[in-house]
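To keep things clear, I will list the structure first and then write my remarks on it.
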Amino acid sequence: MLLQPADLPGPLSQCPGSGPIAGYIATTRSANPDLAHRLTTQWNDLKSLGATEAAINLFAADPSACNSELAAVNKVQSAASLVVAFAEQGQADRAWQAGILGFTPPVPGELPPGVARGIGTGLGASSWTYDRTPVRLACWQKNVFVALVVFTNLDATAFKAGTVAVDARLN
């Protein structure tokens with residue numbers, strides 16, 4: 001379900017800890033304890049909303065970006081995907097509306113530049129995208145899944161291809 005190497009332009013390498021969210025948090029804990037603490041809290045919040053499992057896959061052109069917050073890597077090319085599974089579709093929708101890892105959907109009708117919400121994103125009614133160089137982000141709910149894809153310092157074509165690939169895997 002996550003981004004795969006074939007979905008991405010080169011030369012991006014997979015970051016250590018990619019896989020189940022608990023493993024990523026454990027890997028991040030030594031290099032960035034504050035981020036690991038925030039992720040633990042956010043994961044616990046998602047579980048309280050019905051999340052049953054989550055996985056994350058990160059890729060970066062420089063290993064230093066592997067322990068940074070999503071979309072906060074300065075000039076390094078990076079791509080990340082997170083997919084959270086819920087027991088029921090209603091739980092997934094409520095979690096998407098509440099926000100994933102601090103990324104909250106924009107208020108309908110109040111879209112700042114670079115932000116789209118809903119069907120126009122190509123990801124369904126429960127979706128939003130942000131596209132302002134250097135960050136491109138998509139967050140959407142499909143079935144019992146909520147997905148988050150973040151590209152930094154990569155072009156719009158690569159972002160679209162990665163997002164479409166993740167969306168196609170959410171079944």
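Table for the structure above
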read-out: Every residue from region 69-96 that is surrounded by fewer than 20 Cβ atoms within 10 Å (Cβ to Cβ) and modelled with pLDDT under 95; value: 69, 71, 72, 74, 75, 76
read-out: Verdict on residue 70 being within 24 Å of residue 93 (Cβ to Cβ) and in a loop (DSSP other than H, G, I, E, B); value: yes
read-out: Filtered residues of region 107-127 (kept if among the hydrophobic types (A, V, I, L, M, F, W, C) and either without any contact (Cβ under 8 Å) to a residue 12 or more places away in the chain or surrounded by 22 or more Cβ atoms within 10 Å (Cβ to Cβ) (or both)); value: 107, 111, 119, 123, 125
read-out: Odd one out for residue 3, checked against (1) under 20 Å from residue 160 (Cα atoms); (2) surrounded by fewer than 13 Cβ atoms within 10 Å (Cβ to Cβ); value: (2)
read-out: Selection within region 83-125 - under 19 Å from residue 54 (Cα atoms) and outside any helix (DSSP H, G or I); value: 83, 84, 85, 86, 87, 88, 99, 100, 101, 102, 103, 104
read-out: Region 36-63 residues that are under 13 Å from residue 21 (Cα atoms), paired with ones that are polar (S, T, N, Q) and assigned to a helix (DSSP H, G or I) (beta carbon under 8 Å, 6 or more apart); value: 36/28; 39/28; 51/91
read-out: Complete set of residues in region 25-43 that are surrounded by 14 or more Cβ atoms within 10 Å (Cβ to Cβ) and assigned to a helix (DSSP H, G or I); value: 25, 27, 28, 29, 31, 35, 36, 38, 39, 40, 42, 43
read-out: Enumeration of residues in region 126-148 that are part of a strand (DSSP E or B), of a type in the set (Gly, Ala, Ser) and more than 15 Å from residue 81 (Cβ to Cβ); value: none
read-out: Among residues of region 60-82, those that are under 11 Å from residue 148 (Cβ atoms) and touching a Leu at 6+ places or on another chain (Cβ under 6 Å), counted; value: 3
read-out: Boolean, residue 22 is in a helix (DSSP H, G or I), among the hydrophobic types (A, V, I, L, M, F, W, C) and exposed (fewer than 14 other Cβ atoms within 10 Å of the Cβ); value: no
read-out: All positions within region 7-42 that are closer than 25 Å to residue 159 by Cα, within 16 Å of the chain's Cα centre (by Cα) and of a type outside the set (A, V, I, L, M); value: 7, 14, 15, 17, 18, 19, 20, 24, 42
read-out: Residues being farther than 16 Å from residue 60 by Cα and surrounded by fewer than 20 Cβ atoms within 10 Å (Cβ to Cβ) - total across region 145-156; value: 1
read-out: Residue tally, condition of a type in the set (A, V, I, L, M) and closer than 25 Å to residue 88 by Cβ, over region 26-62; value: 7
read-out: Cross-chain or 6+ apart pairs with Cβ under 7 Å, region 147-171 first and closer than 21 Å to residue 89 by Cβ, then assigned to a helix (DSSP H, G or I) and of a type in the set (A, V, I, L, M, F, W, C); value: 147/166; 149/166
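The values are calculated or read from the model by the stated rules, or taken from the named source; none is laboratory data. Note that the coordinates shown come from a computational prediction; the quantities given were computed from them, not determined experimentally. So basically every Cβ, Gly included, is an ideal-geometry build from the backbone, and we count neighbours across all protein chains shown.
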